[in-house]
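Below you'll find the structure, written out as structure tokens, and then a few comments.
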Amino acid sequence: MQVIDNNIYFEARKWGHFHKFVQNEHCTVKLLEIKKGQSISYQYHKYRSEQWYIIKGRVVVTKGIETSILIPNMVTTIQVGEKHKMEGLDDSLVLEISRGHFDESDIVRL
């Protein structure tokens, strides 16, 4: 087993492999469908961190003043209080795992 990013584990098996994102933690898991050319608001959260795992498509992720393009099987972590945004370069599917107190109203839009 190998740690990839902030407690994401990867393990090869004879049938293929798996990624383990969460084990015995309080969390909220969502699938985000981001349309090509659309983005979530530039925002931060006071009470939760997030991990985004790209399943399909390409997205531009902004964290603070840094931007990067993520493609399938890439992951990024958003820390509590970190300003962030995601825009779809394609129609995209993103697994979002939130840790900490989850409440949809914990979005501070900038």
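The values are calculated or read from the model by the stated rules, or taken from the named source; none is laboratory data. Everything numeric here is computed off the predicted structure, so don't read it as measured data. Here the Cβ positions follow ideal geometry from the backbone for every residue, glycine too, while neighbour counts run over all protein chains shown.
Structure data summary
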{"item": "Among the candidates Gln2, Gln23, Gln43, residue that is surrounded by fewer than 18 Cβ atoms within 10 Å (Cβ to Cβ), at pLDDT 90 or above and more than 12 Å from the chain's Cα centre (by Cα)", "result": "Gln43"}
{"item": "Near pairs, Cβ below 6 angstrom, 6+ apart or cross-chain, from the range 58-74 (within 9 Å of Lys85 (Cα to Cα)) to any residue that is of a type in the set (Gly, Ala, Ser)", "result": "Val61/Ser68"}
{"item": "Neighbours by Cβ (under 6 Å, 6+ apart or cross-chain): first from the range 26-41, more than 14 Å from Val61 (Cβ to Cβ); second assigned to a loop (DSSP other than H, G, I, E, B)", "result": "Thr28/Phe102; Lys35/Asp91; Lys36/Asp90; Lys36/Asp91"}
{"item": "The range 76-110: number of residues that are part of a strand (DSSP E or B) and surrounded by 15 or more Cβ atoms within 10 Å (Cβ to Cβ)", "result": "17"}
{"item": "Any chance Arg13 is in contact with a Pro (Cβ under 9 Å, 6 or more places away or on another chain) and of a type in the set (D, E, K, R)", "result": "no"}
{"item": "Selection count where residues are surrounded by 15 or more Cβ atoms within 10 Å (Cβ to Cβ) and either among the aliphatic types (A, V, I, L, M) or touching a Leu at 6+ places or on another chain (Cβ under 6 Å) (or both), scope the range 61-75", "result": "4"}
